[in-house]
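Below is one structure, written out as structure tokens, with a few remarks after it.
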Amino acid sequence: MKKLAILSLALLMTGCTVANFQYTPEGDFIAVTEAERMPMHLGDVSVDVAKNVPSEAFFFNLENKNKYESEFKSAFAQALQESLDQSQLFSGAKREVNLKATVLRFSQLSVGLHFPTVMEVNYQLVDSGTGRILFNQNIKTEAEAPLKVSYLGTARAIDARNLTAQQNIRQLLDALKKATIR
């Protein structure tokens with residue numbers, strides 16, 4: 001009976017697993033017209049975490065900080081790069097710009113049904129030749145995981161984190177599309 005209970009629990013848990021970092025937005029991207037394209041090439045995309053913010057503003061400081069912070073930064077940078085490449089906002093001209101993302105806050109309640117999550121990121125588009133900042137904007141997103149998505153609390157917590165990051169990237173794409181950067 002004990003083995004059956006353990007097996008049932010294991011099956012239930014595998015049915016509710018979620019990729020830990022799934023930050024690239026899914027679905028349709030914002031359509032970009034030729035006039036909205038930026039006449040520049042996107043170079044490096046870097047992600048950093050603000051140092052002067054209290055540690056409780058970051059969910060990964062509550063867990064194994066050294067492991068999750070580096071994994072988060074790498075996964076978020078990759079999602080930003082993929083999303084910007086797919087959006088085709090940059091025309092690939094000779095002028096190169098780098099995107100610097102500084103996460104100011106990424107917090108989540110540790111208990112609850114929906115795990116409300118808040119993410120605030122400062123994005124800077126920097127001309128790699130001159131060092132001039134061409135775009136500088138803070139983007140704040142909030143999201144919750146709906147109950148219908150996952151059954152286990154940990155899976156819903158991860159869903160909420162992923163959804164918050166995806167919405168943040170979508171808002172960045174929209175802001176870059178509307179920006180007049182030349």
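Counting Lys and Arg as +1 and Asp and Glu as -1 over every other residue whose Cβ lies under 15 Å from the Cβ of residue 44, the net charge comes to -2. The spread of Cα positions in the stretch 79-182, taken along each principal axis and listed from longest to shortest, comes to 49, 24, 19 Å.
The ranking of 178, 140 from fewest to most other beta carbons within 10 Å of each one's beta carbon is 178, 140.
Counting only C-alpha contacts under 8 Å and six or more residues apart, can you give the relative contact order of the stretch 122-182 as a whole percent?
Working: 53 pairs, mean separation 17.6, N = 61.
29 percent.
The count of lysine pairs in the stretch 73-182 with alpha-carbon distances below 21 Å, taking only pairs 8 or more places apart or on different chains, stands at 8.
Tally Lys and Arg at +1 and Asp and Glu at -1 over the other residues with C-beta under 14 Å from the C-beta of residue 78: what net charge comes out?
Residues close to residue 78 contribute a combined charge of -3.
Each residue of the stretch 169-181 was assigned a 3J(HN,Hα) from its phi angle through the Karplus curve 6.51 cos²θ - 1.76 cosθ + 1.60 (θ = phi - 60°); the sequence is 5, 4, 5, 4, 4, 5, 5, 5, 4, 7, 5, 9, 10 Hz, with glycine and proline shown as x. Using a simple spin-label model with pseudo-atoms 7 Å out from Cα toward Cβ, residue 132 and residue 148 lie 5.0 nm apart. Summarising the amide proton neighbourhood of residue 91: residues at separation of 5 or more, or on other chains, whose placed amide H is nearer than 5 Å comprise 38, 40.
Take the Cβ atoms of residue 70 and residue 177, set R0 to 35 Å, and the FRET efficiency comes out at 0.70.
FYI, it's all coordinate maths here, none of it is from the lab. The model shown is predicted, which means the values in this text are computed figures rather than measured ones. Cβ coordinates were reconstructed from backbone atoms using ideal geometry, including for glycine residues, and neighbour counts include every protein chain displayed.
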